[in-house]
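Q: Next up is a structure, given as structure tokens.
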Amino acid sequence: MRLHINIDHVATIRQARRTDEPDPVRAAVLAELGGADGITVHLREDRRHIQDRDVRLLLETVRTSVNLELAAASDVVAMACTLKPAEATLVPERREEVTTEGGLALDTASARQRVETAVRALRAAGIRTSLFIGPDEAAIRASEALGADAIELHTGEFAEAWKRRASAQGRQEIAREAERLRRAAALAASLDLDVHAGHGLTYENVAAVARIPEIEELNIGHSVVSRAVLVGLERAVREMADAIQRARGGSAPGE
Ligand code: PXP
């Protein structure tokens, strides 16, 4: 099981001030030192967090592997084909959404055509291509037909059910959603698709998904970056207090 860390939120903090910190490239190095098997970033069409420069530098810096999430739109697909990440994941994208809200819609001929064009271009550039889809049989079979190497199962509905775990009904929903993921993973693997999963996974709910044997890769962002803020804040405050104390001519504690 590979753990890919999605570092979009690091770029979101930087973009809040349009400045140069925190740098997602530095965050990627630290994630790798922590044991990440890969780094995932989403180059959104509106560039709200990750920028072109980030993708270029990540591809030069990351020693594990970069998974570039992108919409099936011609300009970002062309950019991916030039930059050649090891892996690309096609995701649906709507400008008004806060995060990727659902899997790719593959239920109309025009949607399938758009995705197929992108899959062809990415694979022709030598990029392993994955489709972010709901745990539904039709979407899995469509992904195989479109020539994808892998699928990423959207775990958002499972994660939403997890929030209701205090009630008996919530626990039933969790069991139902976990079973959907298990069946979807088994079907995809039987079709020779590599199986990834992600969205909304947390330190508490990850076990149920990590237990599914066919899933080879998890993409996790929000929960890990959230924890990083909390476990890192105390040290960050201490370092600022030390800098101030030094400026006043005193020595920082420990010097
Ligand atoms: N996988 C995909 C395709 C995503 O779009 C996202 C969110 O950017 C994730 C995984 C990670 O989700 P989360 O930030 O909730 O862990």
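Q: Got a sec? Which of ARG176, ARG180 is of a type in the set (Lys, Arg), surrounded by fewer than 14 Cβ atoms within 10 Å (Cβ to Cβ) and modelled with pLDDT of 95 or more?
A: Being of a type in the set (Lys, Arg), surrounded by fewer than 14 Cβ atoms within 10 Å (Cβ to Cβ) and modelled with pLDDT of 95 or more holds for just one of ARG176, ARG180, which is ARG176.
Q: Of these, VAL62, VAL55, VAL76, VAL98, which one is within 16 Å of the ligand (Cβ to nearest atom), of a type outside the set (Lys, Arg) and modelled with pLDDT of 95 or more?
A: From the options VAL62, VAL55, VAL76, VAL98, the qualifying one is VAL55.
Q: Continuing with the same structure: Looking only at segment 52-94, filter to residues that are of a type in the set (Ser, Thr, Tyr) and either assigned to a strand (DSSP E or B) or farther than 20 Å from HIS199 by Cβ (or both); which one of those is least open to solvent (accessible area, probe 1.4 Å)?
A: Of all residues in segment 52-94, those of a type in the set (Ser, Thr, Tyr) come to 61, 64-65, 74, 82, 89.
With either assigned to a strand (DSSP E or B) or farther than 20 Å from HIS199 by Cβ (or both) added as a condition, the list becomes 61, 64, 74, 82, 89.
Numbers: THR61: 49, THR64: 63, SER74: 99, THR82: 110, THR89: 0 Å².
Of everything passing the filter in segment 52-94, THR89 is least open to solvent (accessible area, probe 1.4 Å).
Q: If a residue must be within 13 Å of the ligand (Cβ to nearest atom) and in a loop (DSSP other than H, G, I, E, B), how many such residues does segment 1-35 contain?
A: 1
Q: It is to be established whether one or more residues within segment 217-234 are closer than 21 Å to GLU144 by Cβ, within 16 Å of the ligand (Cβ to nearest atom) and not β-branched (Val, Ile, Thr).
A: Of segment 217-234, the ones closer than 21 Å to GLU144 by Cβ are 217, 219.
Applying the additional criterion that residues be within 16 Å of the ligand (Cβ to nearest atom) yields 217, 219.
Now restrict to residues that are not β-branched (Val, Ile, Thr): 217, 219.
Yes, that holds for at least one residue.
Q: Scanning segment 179-201 for residues that are away from the ligand (no atom under 15 Å from the Cβ) and either outside any helix (DSSP H, G or I) or free of Cβ contacts under 8 Å to residues at least 12 places away in the same chain (or both), which turns out nearest to SER130 (Cα to Cα)?
A: LEU193
Q: When only residues in segment 134-164 that are in a loop (DSSP other than H, G, I, E, B) and more than 20 Å from LEU218 (Cβ to Cβ) count, which is most open to solvent (accessible area, probe 1.4 Å)?
A: This residue is ARG164.
The values are calculated or read from the model by the stated rules, or taken from the named source; none is laboratory data. No experiment lies behind these values; they were computed from the predicted model shown. Reconstructed Cβ throughout: ideal geometry from the backbone, glycine too, with neighbour counts over all protein chains shown. Each accessible area value is taken on the protein alone, full model and side chains, heavy atoms only, with ligands, DNA and RNA left out. Shrake-Rupley method; radii C 1.70, N 1.55, O 1.52, S 1.80 Å.
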